[in-house]
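Heads up, the thing below is written out as structure tokens.
The values are calculated or read from the model by the stated rules, or taken from the named source; none is laboratory data. Being a predicted model, the structure only gives us computed values, none of them experimental. All Cβ positions, glycine included, derive from the backbone under ideal geometry; neighbour counts span all protein chains shown. We work out accessible area using only protein heavy atoms, side chains counted, and drop any ligands, DNA or RNA first. Shrake-Rupley method; radii C 1.70, N 1.55, O 1.52, S 1.80 Å.
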Amino acid sequence: MKSYTIAVLTCLCISLASAQVLFEDKAFELGINITGNASTQLGGVSFYDYDNDGWDDLTFASKENFPVRFFKNNSGTFVEETFNITIGNHSKQVLWVDYDNDGDNDLFVTKFDASNKLYQNDGNFNFTDVTAIAGFPSTTLFTYGASFGDYDNDGDLDLFLSNKDDAKIIPNQLYRNNGNGTFTDVSLIAGISSVGHLSFCSSFFDYDNDGFLDIYISNDRFANTNILYKNNGNGTFTDVSLASGAGVAANAMSTTIDDYNYDGFLDIYVTNTTEGNHLLKNNGDGTFTDEATASGTIFNSIGWGANFFDADNDTDLDLYVSSMINDPNSGLLTTAFYECDANYTYTIPANAGFTTDTYTSFSNAIGDVNNDGYQDFVVINLAPDNNSLWRSTGGTNNWLKVKLDGTTSNKAGIGAKIKATINGAPMYRYVLCGEAFLGQNSATELFGLGTATTIDMLEIFWPSGITDTYTNVNANQLLTVTEGSTLGIQEENAGSFSVYPNPATDYIIVSTTVSESYTSTIYDSLGKQVFSQKSQGLHSKLDVSNLSSGIFFLEIRTESSKTVQKIIIY
């Protein structure tokens, strides 16, 4: 961990010394029994509260003609349930997503041997197959991964499909959400490659913090290097794989996105075979550096799913990696739980509870089974073994859970960045839909706080450009944030100001009808102040010629009110 101050470091060291990282496989005990041939191979899992009752549920993909299976979380234990649909064929990824922004979770399922499916939820868990109505093809695309994100910032979630056609004829596909229940294939006009790349999965994320979601894709086989598409902000993408250093050559499986070193820029963890995994540290200048060896996370086994999470709530992000190796005498890791140490290096502790974790494993996903504020996770194992549900034994460190409710942005806040600050030390979380290897994590973002009882500042940077800010947030609670809720009565004079031109290049004019003085402050997508000017009068000119291109937030504040507006700088 970074040494921000001696006091902070001392506090964290005490927390680390007292923390006992320990997990137990409680799958059978908690009601998860998927054994025999029904267990999937190279299939996905969702650890997502699909019925919005506050408890993270489980959804499992299945192979061959076994159906997708749903397990409802009843206050910490699971009961299998069925709906009015039976989803067969060889399913790969199962994603709960509110694609129509109506407040309930719909279901998208990818299939390797049949057409992908979109099921619309009527709010009472009666599902309608709307695949054709939505504009998705009825043909087999050999799809593994799906990810949703709002690449054009219109408030609707778009879709990227990772297709793994061995003939490399069927390319990956980008579908734009039209906002009326339909999608349009915009792959060609957006600049997505028109040939196949043996892609496993992808993630939408803003790697350069310009306010537009980029796309990262993991590709199988060394001849098919991974792809990073930069969002140009005009509906098109540019392949920057080579220039950025993110285009690694590997038998790549996972696209695990997180800010592991808390510098405000999202990093990428890519699993691989025995040649070693890749930890692509975002340098903040559009490039990445592979820190897998230096950080101790290179793995050198056959890795599949991987997730960062704070296992012991000591404030830093630990890492779990699933392995296809099931023989502990092979000399290769059968799994790896990496605990974050000083300076963001990692070691495998001996007492974490994974000595029996010797299954052939693939996807994994994180959630909180019993709502105790400690992270648990599920792992997909090869039949005839049951899947694993690794439940944390808890601890004494504090925590905060944050769940987002979008209004201007998409309902689930996909693409939002959350920043929590304690004693000047920042922590970041990022909200995805479709992550790691064919996984879906909980919609609730969890921060470990160590011994801190209060978060000094919590900031939510929404895809719309709105920023919600809370101060002095108490620990050990679930905080549901509705987009724009912290603006409140401070927005009452918003109509007294107008801003133009927007988008802008060199300058912005603020026009007002108020007679009192006001301050115009511009923040970047991370909430960092990049411009401030005090003004009085009907018009003021803000010189923005020194700002880089991207999305910014302009706050205009008087003594009695403020207004916040998203601005775009070209």
In debye, nearest 20, what is the charge dipole magnitude of region 65-216 about its Cα centre with +1 on Lys and Arg Cβ and -1 on Asp and Glu Cβ, if you could check? 780
Return the whole-Å distance between the Cα centroid of region 243-304 and the Cα centroid of region 64-84. 34
Which one, 324, 148, 189, is farthest towards the positive end of the dipole of the chain when Lys and Arg carry +1 and Asp and Glu -1 on their Cβ? 189
For region 144-154, Karplus couplings with θ = phi - 60° (6.51, -1.76, 1.60), whole Hz, Gly/Pro x: 9, x, 9, 9, 10, x, 9, 6, 9, 6, 9
Hits in region 527-562: amide N under 13 Å from the 7 Å Cα→Cβ extension of residue 505, namely 545
Which FRET efficiency value, to the nearest 0.05, is calculated for residue 327 and residue 519 with the Förster distance at 51 angstrom and r the Cβ-Cβ distance? 0.20
Using a basic spin-label model with each label point 7 Å from the Cα along Cα→Cβ, how many nm lie between residue 166 and residue 285? 4.5
Taking the 0 to 90 degree range and rounding to the nearest ten, how far is the long axis of helix 6-18 tilted relative to the main principal axis of the chain, both from C-alpha atoms? 20
Taking H as built 1.01 Å from N, whose amide H comes closer than 5 Å to the amide H of residue 205, not counting residues under 5 places away? 214, 215, 216
In vacuo Debye scattering of region 328-397, one point per C-alpha: log10 I(q)/I(0) at q = 0.20, 0.21, 0.25, 0.26 Å⁻¹? -1.02, -1.10, -1.32, -1.34
Going down the table (164/528; 26/281; 168/411; 417/562; 92/230; 92/528), which pairs top 29 Å between alpha carbons? 164/528; 26/281; 168/411; 92/528
For a paramagnetic label modelled at 7 Å from the Cα of residue 182 toward its Cβ, which residues of region 112-152 fall within the zone defined by backbone nitrogen distances under 16 Å? 130-138
Pull out the extension gain between residue 236 and residue 195, defined as 0.36 nm times the separation in residues minus the alpha carbon to alpha carbon distance; nm, one decimal. 13.0 nm
Packing-ranked peptide list from 42-52, 543-553, highest mean Cβ count within 10 angstrom first, is 42-52, 543-553
Kirkwood Rh, Cα Rg: Rg to Rh for region 186-267? 0.96
Of 116, 270, 93, whose Cα points farthest to the positive end of the dipole of the chain (charges on the beta-carbon: +1 Lys, Arg; -1 Asp, Glu; origin at the Cα centre)? 270
Among 207-219, 340-352, 375-387, the order from most to least packed when residues are scored by Cβ within 10 Å on average: 207-219, 375-387, 340-352
Using θ = phi - 60° and the Karplus relation 6.51 cos²θ - 1.76 cosθ + 1.60, list the HN-Hα couplings for region 274-290 in order, rounded to whole Hz, with x at every Gly or Pro. 5, 5, x, 6, 10, 10, 8, 6, 6, 7, x, 10, x, 10, 10, 10, 6
Would you calculate the separation in nanometres between label points at residue 454 and residue 124, each defined as 7 Å from the Cα along the Cα-to-beta-carbon direction? 4.8
Residue 472/residue 372 FRET efficiency (R0 25 Å; Cβ-Cβ; nearest 0.05): 0.60
Within the chain, excluding any GluC sites (Glu not before Pro) found in a DSSP loop (not H, G, I, E or B) and having at most 15 other Cβ atoms within 10 Å, the longest uninterrupted segment runs 276-491
Long-range tail of P(r) for region 145-197 (Cα pairs > 18 Å, %): 31
In debye to the nearest 20, the charge dipole size for region 280-361, taken about the Cα centre with +1 at each Lys and Arg Cβ and -1 at each Asp and Glu Cβ, equals 300
Over the Cα atoms of region 92-214, what is the Rg over Rh ratio if Rh follows Kirkwood? 0.95
Show that you can apply the helix-only estimate: for the chain, add -39,500 (n - 2.57) for every DSSP H stretch of four or more residues, divide by all residues, and state [θ] at 222 nm to the nearest 500. -1000 deg cm²/dmol
Among 350, 178, 469, whose Cα lies farthest out toward the positive end of the dipole of the chain, if unit charges sit on the beta carbon of Lys, Arg (+1) and Asp, Glu (-1)? 178
How much solvent-accessible surface does residue 372 expose, in Å² to the nearest 10, with a 1.4 Å probe and all protein chains in place? 50
Which whole-angstrom value gives the distance between the alpha carbon centres of region 98-156 and region 363-431? 23
Roughly how many Å is it from the Cα centre of region 531-570 to that of region 206-226, as a whole number? 32
